[in-house]
Each structure stands twice: as C-alpha cells, then as structure tokens.
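The values are calculated or read from the model by the stated rules, or taken from the named source; none is laboratory data. Note that this is a predicted model, so its numbers are computed, not measured. Don't worry about glycine lacking a Cβ; one is built from the backbone with ideal geometry, like all the others, and counts go over all protein chains shown.
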Ligand SMILES: O=C(O)CCC(=O)C(=O)O
Ligand SMILES: [Fe+2]
C-alpha cells in the first residue's frame with residue numbers, strides 16, 4: 001500500500017482499534033470512506049503502463065432531456081433465462097439497456113458534477129483516486145431520471161422477485177487514471193439493511209475495456225459461503241488477499257469482461273465482486289444505484305462499513321423500517 005494511503009487509512013480508522021472491530025459508526029463523509037476503502041485492495045503486480053483509451057462513442061445526435069425521460073421509462077423485457085442466471089450467479093450483465101445518446105448525456109453530466117464538486121479536472125487531471133458523489137438525484141433532473149427510472153427499477157424488482165423496490169442511494173463513481181483495484185467484497189457489508197433483497201444497477205457512462213477496470217464477479221452466488229469465516233481487516237489488504245486466494249484454490253469462476261455502451265450489470269448484495277485498476281488515461285465513470293425490497297428495516301447494529309448511511313435513510317433509528325422520503329418506491 002502506498003505510504004500516503006496507509007497514513008490516510010490510519011487516520012480514518014483509529015490506529016488502536018482492533019483490526020476487525022467495525023462495530024462503530026463511520027464518522028466521516030462517503031468520499032473519505034472511498035479513500036479508505038481502496039487502500040484495502042492488493043495491487044502488487046497489477047500496475048501496467050497507462051494506456052490511452054478514449055471512450056469511443058459513435059457520432060449520434062444527442063437526445064433531449066424529454067427524449068431520455070421517454071426512453072428510460074419503457075420496460076425492458078427479461079426472459080426466464082435472465083431470471084435463472086441472476087438467481088444462480090447473483091449478477092447479470094444486460095446489453096442495450098440505454099441508448100448511446102443517453103449514455104453520452106449521462107457522462108457529460110457526471111463529468112460536470114464531479115469536476116465542480118471536487119474542483120478538479122477529470123479524464124486525466126485527477127490521478128489515482130476513487131471519487132464519489134451521492135444523493136445527486138435530489139437536485140439534478142437528468143440524473144434523477146436515471147436513478148428513478150422505471151426501466152431499471154422494474155428489472156431490479158423482477159430479478160429480486162419482489163413486488164416493489166425502494167431506492168437506497170445513487171452513487172456517481174469515478175475511478176481515476178492510475179487508481180488501483182477495488183477490493184473483493186460483497187455489498188451486504190455496506191448496506192445497513194436487514195434483508196437479502198438488495199440489488200445494485202451499475203451503469204457505466206462509457207464503454208469499459210478491460211484496461212479500465214470493469215466490475216468483475218465471482219460465481220455462482222453461493223461462493224460467499226466459501227469465505228464467510230474470513231475476518232474483515234480495516235487496516236490492510238489481508239481480507240482482499242485471502243478472498244483471492246480462496247477463490248483461486250477452489251477454482252471459482254470469475255467473470256471479468258468489458259462493458260459495451262448501454263450495457264448495465266445488476267448484482268445481488270451477496271455477490272462477491274472486485275474491479276481491476278484503471279490503467280487508461282480516462283476516468284471510469286459509473287452511476288451505481290441500489291434498491292431494496294419495500295418493507296425492509298435498518299439493521300439493529302449498522303457498522304462502519306456501512307459508511308454514512310444516515311445520509312440515505314435520514315431520521316431512522318437502527319431496527320426501524322427504511323422508508324423515508326429519500327427512499328421512494330421506484331417500482
Ligand atoms: O465501481 C467499483 O469499482 C466498485 C463498485 C461496487 O462495488 C458496487 O457498486 O457495488
Ligand atoms: Fe460493491
């Protein structure tokens with residue numbers, strides 16, 4: 001781990017605490033959470049020369065906001081095979097969920113928001129970091145139309161096989177050039193929700209070739225059973241390394257493949273996933289939106305790995321139903 005990152009991780013987590021003691025609230029913002037979180041990934045041997053990969057967009061006329069609203073409320077039809085695959089593997093990648101024009105508009109908007117918020121230049125200006133912005137849907141109509149999109153939420157409800165889903169949060173994620181791997185994890189650690197009906201739609205805002213670090217999944221879903229005794233360690237890369245090792249020893253199948261424009265992956269909260277480093281000189285921008293089954297409650301004891309969850313479910317005590325105005329029913 002780079003020295004500056006190690007220092008940051010120590011400041012963030014308190015050096016004297018027990019390594020696996022995560023039973024305390026996260027005291028800082030979610031950007032500090034990501035700064036800490038990427039220090040937990042093992043990066044030995046993964047750095048390669050930076051490649052110059054421009055997001056390649058065919059030249060299309062860009063849709064207006066109204067045209068995008070129309071596009072993303074149209075239903076996408078899942079077939080039986082899709083449902084079976086999600087239930088077996090815990091994730092599915094689906095092509096042509098959004099048009100090229102809609103994705104270009106999404107990227108332009110996310111670039112603008114990130115550059116303004118962090119007062120930086122993306123696509124090569126900022127290096128090594130993993131930037132994030134949440135709750136953007138509250139103030140930005142274009143992002144809101146993606147986050148509350150019936151097209152996405154209906155897919156999520158059908159994959160989970162539940163009647164209705166609520167929004168947990170939106171997350172614009174930007175893995176900057178030179179940023180290393182995302183550590184192996186499942187999201188159940190991150191969401192303070194007392195249910196297994198939680199799903200994240202990971203919507204790339206450009207094509208993601210292998211060099212840019214596409215989201216990568218271990219399958220089938222139940223491989224989480226192989227690693228459930230591994231203790232999370234909040235100070236170093238040992239959790240990530242042990243998971244890799246166990247998956248290797250058990251010849252677990254790992255799906256690491258590029259994302260095309262308009263392709264979206266959906267993963268269950270117990271699906272183990274990671275992502276490679278971004279070895280290009282372009283920001284890897286994604287909109288990740290998480291939904292859960294209506295009726296779910298907040299855990300009785302959320303941990304620091306849940307980050308600043310009260311931002312997403314405000315005025316709600318541990319154990320209470322998670323159903324605030326920030327968690328609208330999207331389907
Ligand atoms: O974007 C990444 O590298 C990680 C995202 C992730 O873990 C998630 O959306 O659940
Ligand atoms: Fe995740």
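Looking at the structure I just gave you, is residue 257 modelled with pLDDT under 95, within 16 Å of ligand 1 (Cβ to nearest atom), surrounded by fewer than 23 Cβ atoms within 10 Å (Cβ to Cβ) and closer than 27 Å to residue 86 by Cα?
Values: modelled with pLDDT under 95: no; within 16 Å of ligand 1 (Cβ to nearest atom): yes; surrounded by fewer than 23 Cβ atoms within 10 Å (Cβ to Cβ): yes; closer than 27 Å to residue 86 by Cα: yes.
Against the criterion (modelled with pLDDT under 95, within 16 Å of ligand 1 (Cβ to nearest atom), surrounded by fewer than 23 Cβ atoms within 10 Å (Cβ to Cβ) and closer than 27 Å to residue 86 by Cα), residue 257 does not qualify.
Hey, which of the strands (runs of 3 or more DSSP E) in the stretch 244-318, taking only ones fully inside, have at least 2 residues that are more than 25 Å from residue 228 (Cα to Cα)? Before you say what the answer is, go through the steps one by one.
Numbers: elements: 253-255, 264-268, 273-275, 284-293.
The qualifying strands (runs of 3 or more DSSP E) are 284-293.
For the stretch 70-83, the set of residues classified as surrounded by fewer than 16 Cβ atoms within 10 Å (Cβ to Cβ) and either in contact (Cβ under 8 Å) with a residue 60 or more places away in the chain or farther than 30 Å from residue 108 by Cα (or both) consists of 73, 74, 75, 79, 80, 81, 83, listed by residue number.
Taking the stretch 177-209 as the range and being under 18 Å from residue 157 (Cα atoms) and not in a strand (DSSP E or B) as the test, the residues that pass are 187, 188, 191, 194, 195, 196, 197.
For residue 86, indicate whether it is surrounded by 13 or more Cβ atoms within 10 Å (Cβ to Cβ), touching a strand residue (DSSP E or B) at 6+ places or on another chain (Cβ under 7 Å) and within 20 Å of residue 206 (Cβ to Cβ). Can you show your working first?
Working: surrounded by 13 or more Cβ atoms within 10 Å (Cβ to Cβ): yes; touching a strand residue (DSSP E or B) at 6+ places or on another chain (Cβ under 7 Å): yes; within 20 Å of residue 206 (Cβ to Cβ): no.
Criteria not met by residue 86.
Of all residues being in a helix (DSSP H, G or I) and under 19 Å from residue 240 (Cα atoms) in the stretch 22-53, which is modelled with the lowest pLDDT? Just the residue, please. Working first, answer last.
Applying the first criterion (in a helix (DSSP H, G or I)) to the stretch 22-53 yields 30-40.
Right, trim to under 19 Å from residue 240 (Cα atoms) and you get 33-40.
On the way: 33: 83, 34: 86, 35: 86, 36: 87, 37: 86, 38: 90, 39: 89, 40: 91.
This residue is 33.
For the stretch 133-152, give me the residue count where each residue is under 16 Å from the mean Cα position of the chain (by Cα) and surrounded by 23 or more Cβ atoms within 10 Å (Cβ to Cβ). Qualifying residue count, the stretch 133-152: 3. Condition first: in contact with a strand residue (DSSP E or B) (Cβ under 6 Å, 6 or more places away or on another chain) and away from ligand 2 (no atom under 16 Å from the Cβ). Now tell me which residues in the stretch 208-227 satisfy that. Of everything in the stretch 208-227, those that are in contact with a strand residue (DSSP E or B) (Cβ under 6 Å, 6 or more places away or on another chain) and away from ligand 2 (no atom under 16 Å from the Cβ) turn out to be 211, 212.
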